[in-house]
Every structure is written in C-alpha cells, then in structure tokens.
Amino acid sequence: MVYEAGAPFSCSSRHSMIDIVLFSLLGESMGSASSMLTQYDIEEVQEYCDHLFSQQEIVSLYERFCQLDRNAKGFISADEFLSVPEFAMNPLSQWLLKMVDGLNFKDFVAFLSTFSAKASAQHKIELIFKMYDSDCNGKVSFNDIMKVLRDLSGPFMSDDQREQVLIRVLKEAGYTKESYLTVDDFFKVFGNSNIKMEVEVPVD
Amino acid sequence: MDTAGMLKPSSSELDLDRPNIEDYLPSGSSINEPRGKLRLRDLLDISPTLTEAAGAIVDDTFTRCFKSNSPEPWNWNVYLFPLWCFGVLVRYFILFPARVIVLTLGWIIFLSTFIPVHSLLKGHDKLRKKLERVLVELMCSFFVASWTGVVRYHGPRPSIRPKQVYVANHTSMIDFIILEQMTAFAVIMQKHPGWVGLLQSTILESVGCIWFNRSEAKDREIVAKKLRDHVQGADNNPLLIFPEGTCVNNHYTVMFKKGAFELDCTVCPIAIKYNKIFVDAFWNSRKQSFTMHLLQLMTSWAVVCDVWYLEPQTLKPGETPIEFAERVRDMISVRAGLKKVPWDGYLKYARPSPKHREKKQQSFAESMLRRLEEK
C-alpha cells in the first residue's frame, strides 16, 4: 500500500545505452530532478506535512530522496538508509529503521517534518514516545525503556546497572517498575523544557 | 545493491592498508551529557541521537563525496536556446565524429608500432622499455585529445628515481590518462572487466602497472610484495597511487589509505582539479560504465583541468603513517580546493562495523553510571 503511493514520486535513473545519450541531452537542457516535481506535487506534499517545510526545502528533500532511492523504486529500503554511514553508526539506527523503512516520498517528508524548527514540542515528544513504544500499544513499559537504553549504552554497562539506574530514576519521578507510561506521562515528564530536535534542510 | 557497480570501482588500493576509522572520527559527539543529577527526563530524552540520525538522512558528507553535479542549464530563454541547439549540433555531429576519428587513428598508430616493438625487440630490454613508455604516453595524448583536454601542468615534471611514490586525488580513471600523457607512471589498480581489463593485461603491463582483485586476499600479499620490489628498482617507471581508493567528485577528499605512506619512500603529492565549466569529470561508477563516461566526455566541448606537482614529502621523525597521510592529504586538498571528510571510501561497499558507534554509547553509559554512584 505504501509502495503504490510512492509511484507518482518515483525518480528515474536506470536507462539503456541509447536512453543515456538522449537523457544526457535532456539533462543538459532541463537541469536536475527538481523539474520533475510540479507545483501541484509540491503543494500536495506541503499540505501533507502541515506546511512545516517550505517549497524550497521540499525540492531539496526530493533530490535527497531520489539520491537515497538508488533503484528508483519510489521508497527507500533499510539497506539504502544504512548506506549512509553516519546513519548506520547511530546507536538508535535499528529503532529508527522500523519507522522509516519503506516510506514513500510523502511519508518521508512527514517523518522529517518533526525535525523542522517549526514543529511543535508536542509533535517532537510524540515521536520520542513512538520510539519507545515499539509494540505500538500506546504505553511504554519498563522493558520498552530498557531495550532502548541497551542500544544507547552498548557494552559499557551491564543489564543490572541499567536496571538499577532506571528504577531509581523512575522512582524519583513518581513511577515504579510496574507502571506504564502513556503519551501524557511523557508530556508531563518533559514539561515545558525545551527539546532541541531541529534539523536544517540544506537549500541551495 | 547492484553487483555491476560493485565490480567497477576504480583503481589503486590495498585492503591491507585500511586505516582504522576510529583514528579519524571527530571526538566529542553531541550526545547529551546532563549536568548534575540525571532525571527521568534526561534519561528519556533521546532527541540528540534522533537529531543526529535525521540529520544524516537529510544530508551527510559521505554521500556528498560521490554525488555527481548536474550541469547548470543555461538554455532557458529564447536567445540562448538556439545557441544551445547550435552547440549540441556542433558537439554531437562535428566534434564527436572528429574525435572518434582521432581516437581510431591513435589506436591504429599505437597498435601498429607497439606490437612490433613488443614482439621484435625481445633482446633489447632497455630500448624496448623506453619505446613502450613513449608509445603509452602517446596513446594517452590521443585519449586526452579525444576530449579536447585542456590541461595545465604546474611544477616540476616527475622523474624516474628509486624510492619514491606519487600520490594523487582521484576523480575518474581519466586522472590516470592525464598524468600518464606526461610521464609513464606505473599504477596500482583494481582489475577491471571488459575492454579496460584487456588493456590492463596487455599494454599497461609493459609500463609496470600492478593490479589486483579487491576480493582476493591472496592477491593483496602478492601486490604488497610487488609494490616493495617496484619502488626499489632504479629504472622502473615512477609509481602512482590513488590512496583514496575510489573516485570522489572533486569537491571532497576521503581518507587516504596508509599503504603508500608506509613504503619508507619519498611521497610526491599531485593535486588534480577539474574545472566543471563544460563537463563534470567525476566518474560515478554506480551510475555509469566507463565507456559511457568516456562518451560523455567526448561529446562535451572540452575537459579543463589543472595538475599540480607538489613538493616531495618524507616521514617526519615521530610521525605515524596515518599522520603522514593526513599531512599529504592536507597539502593536496588545500592546493586543489577540496574539503576533507573523515570517511573511508570503502564505506561505499561495506557497512561501518558496530564498533564505530561505541564512542557515542560510551559517553551515554558514563553519564548513567555517574548517576549510579551518587547516593
């Protein structure tokens, strides 16, 4: 379903020999892939991501999307995400992959819009919550948090140590090992404090 | 991943000299280190890690190294468009056939002299070597002429001397042709399939080129030995290594493999900068075969480039080969105006190992452990 929706935004990059000569001519005359997005496409995507990105930014993101989607399938596979070493080296890359694997262009932009400077703190906290809520049941258990902590601290801590810290910290905030945290709990925990979660889209 | 793309990455690297990426990675990642007491909020706040990941999805310096730059279209108005059309006619229907003729002539002249020289002068090794060297240089000049190569060479020409290696930044296989037309270098390269491979095993053999199969571990040892033998020989052709091990788009330099810097030789850096005014000389081996790349060059107005032969460098006392490699990389990037990135070009074909994320994990673990110690 996701895959079908990607079709109108798939980018072309595989050609036969003759095509390449023609294409290089065309490329010389038309410029980059940006010209393949019409004003309507851009507006549609913009609406889809609540206008958190400017049109310029969407064009940039589209170029990036096509670059990552090497075989022009209309979506980016896990393998292609991992071909970016900075991403592959991220401790949470496996968790993020669950959210971004196989996204078409619109959903790709929607996912990234959370990282826009214009996105609300609530939006950002919801994303963090979703990261923890791996089974998507709307609540985060002690074990859910432990799983993420395991990836964050790697081999430098034992499970025992992690557990101790988590229990202590939960207790201080008024929760126990058995409690389930909901989104609202997350809002409460994060309070009004500033979450710095902004990524700038390079526009040239 | 396409297998065709994996076979083609170009010349000159050895796996045995793969440096540790850790040595290059910038320290001090942006993982949060909460001051004072660690609270639940700090523990749950994974935003810095998420931001880094999203940042890498949106843009990253590694992929930038291998991005071809599409030419800026300039035929956007009524006056320019006919001009551009005229240019297309000239380039595809006059220049291109003329260049094909030049190249064919070049091949005929080259082969008709090379084959007799190669087979008849078996007894006179010195003379044969000299003639072959001249012929290979000539053939490369024909190649350069076939894309109207406007090359400016700066600095003293390389000379034949034992115990020296030339290292250059790498943009395309045509680097090799451009350098070869001035001096017959012996180059270390990846064994290529197709007609390039045929050239390698017949003609380039005669100038002392060394090649290997990236996938064969056995090859590496043989190559390492050949390499050492080659640099010791007094009248061997000067050795040329592209220590990046892969083609980069001439805006960035990736990490240098340290192999060339461990030979106990003088290292002579060469900086190559292409002018993109007519055509992008970067060979994107994932998208294009080398033949297509040459066709693209042959249908453009000209390939404009500068080559600088820089001052020879030696290992300073107390310097590690990696530091030495970085120093030479500095010289080349400054001269050619390239940006340095802390990536290994090999990451194009392999994933970074889980070890690489340990630095980030360590700083996070430390902040958690500190909390554990507090009573």
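Any read-out appearing in this document is the output of simple, stated calculations on the displayed coordinates, not a laboratory observation. In this text the structure is predicted, and so the values were computed from the model without any measurement. Backbone-built Cβ (ideal geometry, glycine too); neighbour counts: all protein chains shown.
Annotations for the structure displayed:
- Computed lengthening from B:LEU127 to B:GLU205, 0.36 nm per intervening residue step minus Cα-Cα distance: 26.5 nm
- Three-way shape label, the protein assembly as shown, alpha-carbon gyration tensor, a/c 1.5: oblate
- For segment A:76-204, the alpha-carbon radius of gyration amounts to 1.15 times the rule-of-thumb value 2.2 N^0.38 Å expected for a compact globular protein.
- FRET efficiency estimate (nearest 0.05) - Cβ-Cβ, A:MET99 to B:VAL151, R0 35 angstrom: 0.10
- A Förster radius of 22 Å, combined with the Cβ-Cβ distance separating B:THR291 from B:ILE160, puts the computed FRET efficiency at roughly 0.10.
- Difference of contour (0.36 nm per residue) and Cα-Cα distance, B:VAL102 to B:ILE277: 60.6 nm
- Per DSSP, loop GluC sites (Glu not before Pro) in segment B:153-262 with at most 13 further Cβ within 10 Å: B:GLU216
- The mean number of partner chain beta-carbon atoms within 10 angstrom of a residue's beta-carbon across peptide B:356-367 is 6.
- Straight-distance candidates among the aspartates and glutamates for linking to A:LYS177, with alpha-carbon spacing under 15 Å and chain neighbours fewer than 8 residues away dropped: A:ASP144, A:ASP159, A:ASP160, A:GLU163, A:ASP185.
- Cα gyration tensor shape of segment B:224-360, rounded if a/c is under 1.5, else prolate or oblate by comparing a/b with b/c: oblate
- Ranked list, fewest to most other Cβ atoms within 10 Å of each Cβ, for A:MET157, B:MET292: B:MET292, A:MET157
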